[in-house]
Structures are given as C-alpha cells and as structure tokens.
Amino acid sequence: MRLQEIAERIGASLRGDGSTEFTGVAAFSTATSRDLVFLEDPKYVQDAVRSSAGAFVVGNFDSAILDALAAKGSLIVSTNPRLAFARAAEILRRSERPSGTIHSTAVVHASAQVGGDVSIGAGAFIGPGVVLGDRSHVGPGCALLSDVIVGEETSLIARVTVYPGTKIGNRCLVHAGAVLGGDGFGFVRDPETGSYEKFPQIGSLIIGDDVEIGANTTIDRGALEATIIGNGVKIDNLVQIAHNVEIGENVVIASQTGISGSSVIERNCIVAGQVGIADHVRIEEGAILGAQCGVPTKKVIRGKGVVFWGTPARPITEYLRELAAMAKLARRKKSGV
Amino acid sequence: MRLQEIAERIGASLRGDGSTEFTGVAAFSTATSRDLVFLEDPKYVQDAVRSSAGAFVVGNFDSAILDALAAKGSLIVSTNPRLAFARAAEILRRSERPSGTIHSTAVVHASAQVGGDVSIGAGAFIGPGVVLGDRSHVGPGCALLSDVIVGEETSLIARVTVYPGTKIGNRCLVHAGAVLGGDGFGFVRDPETGSYEKFPQIGSLIIGDDVEIGANTTIDRGALEATIIGNGVKIDNLVQIAHNVEIGENVVIASQTGISGSSVIERNCIVAGQVGIADHVRIEEGAILGAQCGVPTKKVIRGKGVVFWGTPARPITEYLRELAAMAKLARRKKSGV
Amino acid sequence: MRLQEIAERIGASLRGDGSTEFTGVAAFSTATSRDLVFLEDPKYVQDAVRSSAGAFVVGNFDSAILDALAAKGSLIVSTNPRLAFARAAEILRRSERPSGTIHSTAVVHASAQVGGDVSIGAGAFIGPGVVLGDRSHVGPGCALLSDVIVGEETSLIARVTVYPGTKIGNRCLVHAGAVLGGDGFGFVRDPETGSYEKFPQIGSLIIGDDVEIGANTTIDRGALEATIIGNGVKIDNLVQIAHNVEIGENVVIASQTGISGSSVIERNCIVAGQVGIADHVRIEEGAILGAQCGVPTKKVIRGKGVVFWGTPARPITEYLRELAAMAKLARRKKSGV
C-alpha cells in the first residue's frame, strides 16, 4: 500500500514521498525500506536514523528532529504517533489478501457454509452447520463443533476449540488454545448422597465484533441463557470467564483473571492481571481493578476511573492507607513501643 | 423418553399426561414442546406460562400456581426442583445413543482396544495399548498417548491430551484442552553448577468415576507413585493439580486454583477460585476454602463446614476481624487520633 | 546401558556387579530387575529391600544398611543420591533411540528442514521454513507455524502451538498445550472513540537450551523486540509470560505465575506459584518470591536468597511481623482492650 494512502486512512499528515509501497511495520533493528517504524520519544532519534526503515511515524517534534528523519525517509506526523502506528500496522495487516486456501487435511462437514476467501488450516475440523464468514481464517488444528458462527475477517490462529452454537463476531482474533463456549461449572448437590449432579449447561456464548481473545483462555457458555462478550473487548491469555457473564464494550482484561458466574462488567472497565471476581458481581462503567484484587459475591464496584485494590477490593487510597498503618504498627511492636 | 419414565427415574411425582416423549431441557425462551423447563421460584411463573415448553419441573408450590402451569403442560413436582431438573437433563443426555462412529481421519493404533459404540472424532490420535470403554467418546483433535485407559461412557470433548498410562474412570466428562498425566514439576539442583536436573516423573494419574474436568485444566502424574482424583470430583477450568496430589470423593474445585505436590484434599471439601495450596498440605474432610486464599506448606486445615480465607488461610471470622481492625486503625491514623 | 557406565557418567561409585544392563528408573513398588530405584532416607530401607529393583542409588549410609541392600542388588553410592538418581534417569531417558518416524498424517511443508532421526507425530503441522534439529520430536497435534526453529533433541510432547519465527534451543522439553510466541497484549486507546487499536506484536521469542515448559503455559513474543528465556529455565504449567520479558539462566517458575510485559527476572531466582509480577519489574539475581505474592509496576526486588511475600511483595520477615501485629490487634479489639 502506498504511504499516501496509509497517511490518509489513519488521518495523519505526510511529509516526503507518498508514492512508495509499504508492506509492514517493524522495530528499528529489523526494518527494511518497505517497513514503517515509529518514534514516540525524541531521545531515540539516533536509533531511528540508523535504521533502514523506509518511513517514520513520529510526533510533532522539533523541526531539527523532523528534518534529520526526513533526510532518511518519509514521515507520517501525528499528535499521537503510537495510535497512528498501531492503525497503520492494522491497515497493512488487513490489506494482506487471505490465502483463501482450504488445506487438504482439513475436515469440513458437508452442511457447513464457507464464505468467500476463507482459509482453513491443516487438520482443522469444521463441524455440521458451521458458518464461516468471508475472509475468515481457521488455523491448523482448530475444532469448531456444530453450528458455530464465525464472522467476517475473524481469525482463529491454531488449535482453538469452539463448542456448539457459539457465535463469534467480525474482525475478531482468537489465539491458540482458547476454548470458547465450554460448559459452565454448575452442579446441584444431592443432600442424601453428597454427590453432585450436573446442572444443564445448554445456553450460548455470543462474542461481538473486534474482540481479541488470548491463548489458552476459556470462556464458558451460559447455563440456560447466554454469556455475552461486547464489541471491542480485549482479553489476555489464560483468562477464565464463567457462565452467564456479561462484558460490556471496550473492556480490557489482563492475563489470569477469573470472572465467576453471572457477573457483569460494564463498558470501559480495565481489569488487571490475576484479578478474581466472584459471582453476581457488578463492576460499573469505567472502574479499574488493580492486579490480584478480589471482588466478593454480589458486590457492586462503582467509580469511573477509580482504581480498586486488595481483597476484598476497595479504593486504592484506602487500601494503601491500611497497608501503611499495618506496617507502622508492626514496626512499633518490633521496637517495643 | 416418555415423561412418565423420567419422573420415575428421578423419583418425582407426575401431574398430567406422562406419555409424551421428551428429548431435552431448555430455558423458558428457547423451549419447544419436547423440552422440559424448570421453575424454582414461583415469582417467575408468568415466564414459565409464556414459554412453549411441554413440561415443567416445579417445587411444591401453591395449588393456584401449579394449576396455572398444569393448564400449559405436564408437571414434574419435586421438593428439590433444581436437583430434579438436573437429573432429568442428565438422564435425557445419557439416553442419546452415541454415534459409534470412528472418523476416517482419526488415527487408532493397531494395538488399541476400542469398546462397543465408541465414537472417535476427526484427527484424534489413539496410541498403542490404549483401551476405550464402551460408549466412550474421544472428540476431534484429542491425543491419547500410549496405554491410556478410558472408562465406559466417558467423554473427552476435543483436543484433550492424555499422557501414557493415565487411567480415567467411567462416566467422566473432560473438556477441551485439558492435559492429563503430564510430568510433575520436580528438579534437583546441582550445587556446583546451579543448574537443575529433572527428577523422574514416571508415576501415574488415576481418575475415578463421574469426574468432570474443565477446559485447559492440567493434572500431573505422580513423580514415582500416583496422583489420585476420587469419584465424583468436579474440577473447573484452568485448574492446576500437581504430582502426587490426592483428591477425595465429591470435592469441588473452582477455576484457576492450584494445588501443589503431595497435598491431600479429603472428601467433600469445597475449594473456591484462585485458591493456592502449597505442597504437603492436608485439607481435612468438608472444609471450605474461600476464593484466592493461600494455604502454606505442610499446613493442616481442619473444620467441617468451616470457611477459611486469606493468606495464610484462617477461619473467615478471624480474617474478617483482622480486616476490620486494620481498616479502623487506618481511619484513626488518618483522622490523627 | 550397563550400570558401570551409568555410575561413571554421573560421577558416583559403584558397589557390586556393573555389567548388568539397565533400562529405566522406578518406584520401589513398580521396579523390575532392569530398573534403578533410589533411597534417600535410611528409614525406608525395608521398602527398598522388598522391591524387585536391580540396583539402588543410595547415600553414604551406615555399612549395615549398605550391606543389606548390597545383598539384594548393586549399589550406586553418592553423597547426593537424589541428584545422582535424577542424572541416571536422564541419561537412561536420553539413551533411548528416537523413533525417527514421521507419521503419515503429519503435514510437513516442502520448505521445512527436518534433521536426522526426527520423529513427528500424527496430525502434526510443520509449516513453511520450519527447521527441526537432529533427534528432535514433535508430538501428535502440534502446530509449528512458519519459520520456527527447534533445536537438537528438543521434544514437544503434543498439541503445542508455536507461532512464526520462534526459536527453541537444544534439549528442551515442552509439554502439551503450551503456546509459544503468541501475540503480546498491547493496545492503544483511541481517546475519541474509547476503542482499542492493536499495537503491533511482531517481535520474537527466543528460548535457550535445557528449558522445560509446562502444560498449557503461554509465552508471548515481543512487541517489536524479543522475549527471552535463558538456558536451564524451568517453567511449570499454566504460567503466563508476557511480551518483552527476559528470564535469566536457571530461573524456576512454579505454576500459574504471571509475568507482565518488559519485566526482567535475573538468573537463579525462584518464583513460587500464583505469583504476579507487574510490568517493567526487575527481580535481581537469586531472589525468591513466595507463593501468591505480587510485585508492583517498575519495582526492583533485591536480595540473593531472600524470600519475599505478600502484595506488595516485601521481605517475608517484615510481612510475617505485619500479619502477627494485625492478628494481635484484632484479638485485642475482640476482647475489648
């Protein structure tokens, strides 16, 4: 894609030759003349100048810096060069034509509907009634059980398992080993024998558009109703999301966090790593949960932009005050006061 | 299956026509005339009445409520409608005849013993000496290395890996991505070089009957002896169980919990999510470990029905008292008292 | 392998017949005459004597004990019998000739380079440009995407996914379900729409020699540069290692630990289970992080051999003092003092 077009599509200004074709983005050390690199902090300008990159995505730096870079390649200038670079990378990535190849060892059920330019990797299994949207990609070793719907341009990298009836939106990216739509963890105890009977887990899992799901993450279907993942949600590796959970738009969930049954995380929340959220919790819009914190059953967390920490989770200022008081108390005891 | 037979098998009373055939269970909104639904709380009776379900599993409600429902379909009346519904669902599920199909792309070693009505999915690998019990199911992409034994009616959904010599009991359900019988984490440090030598992990993993194992959960074999999972144990997603652990009957373990080497969890314990149990711990019969709590090395936890919380885990009343004292102290410091 | 040779290779002394061939190691209860067993604590000498093992790896015990054992089989005597036993097991394991078989259902791209005596399991996918070192093993269902390099004698047990360009060293052992080189979790928020744009994750993952990686563990590639795992690192199951992390030689990381982006763990550190390490942290050489502890962003942890605990992680003596002070305070409040 020509640099001119990239600059236009990301809404940034171009300085220098816009007619050159670019194919990707890179780090300073690995870039070729067909790659864009980005410079967020002017103190690394020498690294940028030394690179072989064909163009630089930069901030509104001093003209001396911009001139030095312009002598080496074209510039895309933006007030938010990190965002501009990310957009450019995404545009270039999506401009790659999908292979549109179905590997000879893939198993595609006769009743599956395969869209245009779909690629399916070696040994992938596409079960009965599955629908694959145009330009979607199902990598090697994936298993899509019956009646799964995969949206357009969605990519399942490799060895992803999708349980029956799960619906995945458009432009999603699902990493290797993720398990989508598995049974929730629900049992009824027999008071006489003490053994557990499985409660039916026959609901569904509905995933919106532009969702990214990390490697080996597990998201369960609803028990009777649905588990819902909103548009633009980003989920890291090894995250657990239980049955009937509802995640709002643009929520970010870091690695190894667990969310128990029927909890709701409203839009724009940020959940750090190893957070534990019990069942029937509500995290209201825009709250931020600090790493390893724990939210007890049925709790409501409220506060746009407020950071919560500790178990049970409380506003971080409160938690830090408690930690300080505890440390002071321990020191006093030690010195015998 | 006819409703009459379902009611008899779950030991509940029938009201209305018992001759109709039923095929499954459902939510109010998705039920058809061949589905059972359940009503635990009479306040949702209008939702039940509006559903298209053919029969209702209900509690001993007021006769007005029962009459309203009976006008819409047959009733299965039970003092514990949740348990009755779960049992009915399980009976219906098990009444489905297994496909008994071995997919043409599955690889079954010549020395494997495959029972009657076994189904094996696309691309599954059944290694040398593996024994698959009658009516067992090995889903697409599973890899059963050598000498694995799978009991009758046990189902491995998809992409499950089972290491050599692992024994899985009858009627188990193993979800996608689980890894059973992998090497434990044991090393011996060389005091001269500082490097680690692998300690042999050549024991076994023995899983009882009626065990459910969640997606992407990992259970290691013993180092020299066995790791043992008792009958009726229910394990959620992303749980880690280390070498030589012993789990008693009807223990429930929620997501992301980790249990270190040689620990014992006696029967009927409940372990919440993200709990950490160090090595050589004993959790005595019927204790309850609250979410995110941590049990240190060699500790014995005792107390049937007692909830433990915090790290190091202590009775929850004690822990809550400490939290309250800490919060009060912090407030006092803040106000300068 | 003859016992004489085993003793020589592990640098231990032999007592008795060294000409017998041995094939493996075992527990007392399962050993045959071709197996080594080990006795670390003389109190179990009767168990050892009762076993059918052909030889015993023992400490410098009293001569009465050694005589009793010598009457039953040959002895390998070492000041560190556990290390000697581990080494013997490893030597015997490596002496097994690899099968050198490529299963007919494996898919090996025409441009892949396959070394001598490489074995590839059923349904494995070896993508374009992949290089497999001599005597390496890729188990059933593994997916090695493009340009992966696997060192000599490295074994990927089953269903391992390796993303493009990842480099794995020699003599590594990667357990089932691990995902190596996946995308890091990096996004740039668009301040206008609130949605997240994916930041490019195009760096690499470089894994050294003699590394063991547990089941379902995930290690991400760098964003633009590399994630680096040093020689001799041992990683347990379900661990998460984020983009741009650097792990030094002989670091041990227990199950369910998570390490966030750009953090550094210097050599010889020990990280227990369920530890959370935030981004841009440095754990200096030889520090020990206790189970479930949490290290906040940009923190430096220093102290060879010092154990840290709690969140935020502090020296364990300090943390225990705080816990004691808190408990005492709570008791005092309760008794109304």
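The values are calculated or read from the model by the stated rules, or taken from the named source; none is laboratory data. This is a predicted model, so every value here is computed, not measured. A quick note on method: Cβ atoms are made from the backbone with ideal geometry, for glycine too, and the neighbour counts reach across all protein chains shown. The accessibility values were calculated without ligands, DNA or RNA, using every heavy atom of the protein model including side chains. Shrake-Rupley method; radii C 1.70, N 1.55, O 1.52, S 1.80 Å.
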* Asked: How many Cβ atoms of partner chains, on average, are near each residue of B:86-99 if near means within 10 Å of its Cβ?
  -> 2
* For B:17, A:220, give the ranking by accessible area with the largest first, probe 1.4 Å. => B:17, A:220
* **Amide H contacts under 5 Å for residue B:169, placed H, 5+ residues apart** => B:151, B:207, B:208
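Go through B:304/C:43; A:334/B:328; A:328/C:334; A:333/C:333; A:298/B:43 and tell me which ones have a Cα-Cα distance over 23 Å in this structure. Could you put the intermediate results ahead of the total?
Working: B:304/C:43 34 Å; A:334/B:328 21 Å; A:328/C:334 21 Å; A:333/C:333 16 Å; A:298/B:43 21 Å.
Listed pairs above 23 Å: B:304/C:43.
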* Asked: How fast does region A:141-277 diffuse by Stokes-Einstein, in µm²/s, taking the Kirkwood radius from C-alpha pairs at 25 °C and 0.890 mPa s?
  -> 166 µm²/s
* Structure fact -> In this structure, the FRET efficiency calculated for residue A:285 and residue C:101 from their beta-carbon separation, with R0 = 45 Å, to the nearest 0.05, is 0.20
* Asked: Nearest 20 debye, what's the magnitude of the dipole of region A:1-154 about its Cα centre given +1 on Lys and Arg Cβ and -1 on Asp and Glu Cβ?
  -> 200 debye
* **Residue-averaged [θ]222 nm for chain A, counting only DSSP H segments that reach four residues, each worth -39500 (n - 2.57)** => -5000 deg cm²/dmol
* Using a ≥ b ≥ c from the Cα gyration tensor of chain C (square roots of the eigenvalues), is it rounded, prolate or oblate, where a/c under 1.5 gives rounded and otherwise the larger of a/b and b/c decides, a/b for prolate? -> oblate
* To do: Return the value, in Å² to the nearest 100, of accessible area buried between chains A and B (probe 1.4 Å, both sides summed).
  => 4200 Å²
* Structure fact -> Any GluC sites (Glu not before Pro) in region B:82-186 that lie in a DSSP loop and have at most 13 other Cβ atoms within 10 Å would be B:96
* Structure fact -> The size of the Cβ-based charge dipole (Lys, Arg +1; Asp, Glu -1) of region C:35-108 about the Cα centre, to the nearest 20 debye, is 240 debye
* **With DNA, RNA and ligands ignored, accessible area of residue A:311 (1.4 Å probe; Å², nearest 10)** => 30 Å²
* How much of residue A:266 can a 1.4 Å solvent probe reach, expressed as accessible area in Å² and rounded to 10? -> 50 Å²
* Asked: How many nm separate the modelled label positions at residue B:70 and residue C:134, each set 7 Å beyond the Cα in the direction of the Cβ?
  -> 8.4 nm
* Asked: Please state the relative contact order of chain A as a whole percent: Cα pairs under 8 Å, 6+ residues apart?
  -> 6 percent
* **Gap separating the Cα centres of region B:25-82 and region A:35-98, nearest whole Å** => 64 Å
* To do: Rank these residues by their accessible area, most exposed first, probe 1.4 Å: B:257, C:105.
  => C:105, B:257
* In whole Å, how far is the Cα centre of region C:247-271 from that of region A:253-302? -> 26 Å
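I need the calculated FRET efficiency for the pair residue A:30 and residue A:109, taking r as the beta carbon distance and R₀ as 41 Å, to the nearest 0.05.
Computed FRET efficiency for residue A:30 and residue A:109: 0.45.
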* Structure fact -> Hits in region A:79-95: amide N under 15 Å from the 7 Å Cα→Cβ extension of residue A:117, namely A:91-95
* Structure fact -> In Å, the Kirkwood hydrodynamic radius from C-alpha pairs for the protein assembly as shown sits at 30.0 Å
* Could you give the Stokes-Einstein D for region B:241-285 in µm² per second, using the C-alpha Kirkwood radius, 37 °C, 0.692 mPa s? -> 325 µm²/s
* Structure fact -> Per principal axis, largest first, the Cα atoms of region B:3-101 extend in Å by 48, 26, 22
* Sequence-distant residues sharing a close amide H with residue C:24 (under 5 Å, placed H) -> C:36
* Structure fact -> One can check that the equivalent ellipsoid of region C:237-325, built from the alpha-carbon gyration tensor with semi-axes equal to the square roots of five times its eigenvalues, has lengths in Å, largest first, of 20, 13, 12
